[in-house]
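Undergrad: Take this structure first; my questions come after.
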């Protein structure tokens, strides 16, 4: 069975390209956040730990006390080996107020090469504008199950 998912990146890129070509205006805060999410999604599918964690603020700290370094280690563990992942991200809510934002995401992750179980996460994230870049400063809803889910998936055969 072949499924084609239209990633958030494609939709955001088309909107922003059309806006820049036709109107010459920079992307809105909401569009910038959607682009950052789309970039992290594409990075996860490429297996790029740096790309996934680029969206995190250096001051990131979640409810469990994990900082950017701890999350980077979790992402590294999840992306290790020959396993490739498919990721589908849907922004459920996106509320921007000045230089902060709250984003609720539904994220589905599954091994690319296998007919395997899909892992769904309901993630709430807090964002802050740092200079001209939006970064995640805190999140919840994923770490409770992510480590267990990703560690129990059989590695792909080379």
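The values are calculated or read from the model by the stated rules, or taken from the named source; none is laboratory data. In this text, all values refer to a predicted model and were calculated from it rather than measured experimentally. We place every Cβ from the backbone using ideal geometry, glycine too, and count neighbours over all the protein chains shown.
Undergrad: Pick from the stretch 115-158 the residues that are in a loop (DSSP other than H, G, I, E, B), modelled with pLDDT of 70 or more and touching a strand residue (DSSP E or B) at 6+ places or on another chain (Cβ under 9 Å): which of them is nearest to residue 71 (Cα to Cα)?
TA: Result: 142.
Undergrad: How about the stretch 29-57: which of its residues are in a loop (DSSP other than H, G, I, E, B) and touching a residue at least 60 places away in the same chain (Cβ under 8 Å)?
TA: 55, 57
Undergrad: Do you know which residues across the stretch 105-114 are more than 12 Å from the chain's Cα centre (by Cα) and free of Cβ contacts under 8 Å to residues at least 40 places away in the same chain? Spell out the reasoning first.
TA: Step one: list which residues in the stretch 105-114 are more than 12 Å from the chain's Cα centre (by Cα), which gives 110-114.
The one that is more than 12 Å from the chain's Cα centre (by Cα) and free of Cβ contacts under 8 Å to residues at least 40 places away in the same chain: 110.
Undergrad: In the set 55, 8, 87, 75, which member is buried (at least 16 other Cβ atoms within 10 Å of the Cβ) and at pLDDT 95 or above?
TA: 55
Undergrad: Now, a different point. Within the stretch 81-94, count every residue that is in a loop (DSSP other than H, G, I, E, B) and touching a strand residue (DSSP E or B) at 6+ places or on another chain (Cβ under 8 Å).
TA: Of the stretch 81-94, the ones in a loop (DSSP other than H, G, I, E, B) are 81-84.
Narrowing the set further to residues that are touching a strand residue (DSSP E or B) at 6+ places or on another chain (Cβ under 8 Å) leaves 83-84.
Qualifying residue count, the stretch 81-94: 2.
Undergrad: State all residues of the stretch 58-79 that are within 28 Å of residue 112 (Cβ to Cβ) and outside any helix (DSSP H, G or I); if no residue qualifies, say none. Show your work before the answer.
TA: Taking the stretch 58-79 and keeping what is within 28 Å of residue 112 (Cβ to Cβ), we get 60, 62, 66, 68-79.
60, 62, 66, listed by residue number.
Undergrad: Taking the stretch 95-109, which residues are surrounded by fewer than 18 Cβ atoms within 10 Å (Cβ to Cβ) and part of a strand (DSSP E or B)?
TA: 95, 96, 97, 100, 102, 104, 106, 108, listed by residue number.
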